[in-house]
Amino acid sequence: MGHLLASHRIATYMSGGSIRYGAVLDGGMVDLSARHGTKYPTLREVITAGALMKLAEDAARLAPDHALEAITWLPPIPAPEKIICIGVNYPDRNAEYKDGTDAPKYPSMFMRTPRSFVGHDTPLVRPRASPQLDYEGELALVIGKPGRHITESAALDHIAAITLCNEGTIRDWIRHAKFNVTQGKNFDSTGSLGPWIVPYTEEPQIADIRLTTRVNGETRQDDRTGRLIFGFRYLINYISTFTTLVPGDVIVTGTPTGAGARFDPPRYLKPGDVVEVEADGVGVLRNAVIDETP
């Protein structure tokens, strides 16, 4: 399985001033947009057509067009219709709130804008408005098949791929209002998605992925997707009750315990820090941190 996954990595990137998509090989990037761009302008159209795996397999036989050092990584899905994030979805996270409540009956969730995310190896921006930039390593699902009222038994058929997310949060801004966290979750360039998407093939691939987050090499978060309070099947079923899921939608599935806000004193990100989110069979999403410039 590991070999299969390692050879199928599809990314969106910038090269020579234009946005492209391609397959990541050990030797560099195969430019798939140069070969398939008229039929599939972006990865969203590739996903909609169900052509992700075919393009990945074709690319494995080609020579790379770009060195990875020469490209700028972008979030894998350009202009997704929606990015839905799940809060408090690992058992120890619920306990972290120390409010004595049992596991929630339904998942907490909120939306993020595409503009709040950067790609791999692009710095996260600590905003002028607050020094409380925090990390949250998460696994994200990319929807491939549209649907409404999707049953749990059919839910995984709607997944096209998986990717990684650092769902960066401005902690004091998620407490500005009584009931919403939107402001603190949507500062420009405070989170990241990527580096690439890995096509989804079968349930064992995602059933129990180890997910870790490191800050400057120190492990801060370490858990497994098999422990989620609300699993992938349930999330797709529940979300599709109120909204139609469409190809390219991203569901960010929750972060393990160990974010900076939970330390005493809190350990927020500062300029110069490097955050790495890693998952088995996916890869490593790495971002440095810089201050917002006026």
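Coordinate-derived values only; no laboratory data. Computed from a predicted structure; not experimentally measured. Counting neighbours? That spans all protein chains shown, and the Cβs are built from the backbone with ideal geometry, glycine included.
Projection of the Cα convex hull of segment 145-294, averaged over all directions and equal to a quarter of that hull's surface, yields 10.3 nm².
Among the chymotrypsin sites (Phe, Trp or Tyr not before Pro) found in segment 213-270, those both in a DSSP coil and sparsely packed, with 12 or fewer other Cβ atoms within 10 Å of their Cβ, are Phe263. Taking a straight Cα-Cα cut-off under 20 Å and skipping sequence neighbours fewer than 8 places away in the same chain, the aspartates and glutamates within cross-link reach of Lys54 are Asp26, Asp31, Glu45, Asp65, Asp157, Glu202, Glu203.
So what's the back-of-envelope 222 nm ellipticity for the chain, counting only DSSP H runs of four-plus at -39500 (n - 2.57) apiece and dividing by all residues, rounded to 500? Taking each H run of at least 4 residues, the total per residue is -4000 deg cm²/dmol. The angle between the Cα long axis of helix 232-242 and the main principal axis of the chain comes to about 80°, on a 0 to 90 degree scale. Note on Lys185: lysines with a C-alpha under 24 Å away, same-chain residues under 8 apart excluded, are Lys82, Lys98, Lys105, Lys270. Computed over neighbours whose Cβ is under 11 Å from that of Asp280, the net charge equals 0, Lys and Arg +1, Asp and Glu -1.
In Å, what Kirkwood hydrodynamic radius results for the chain from the alpha-carbon pair distances? That comes to 19.2 Å for the chain.
Taking only the Cα atoms of segment 9-102, the radius of gyration and Dmax are 18.2, 57 Å.
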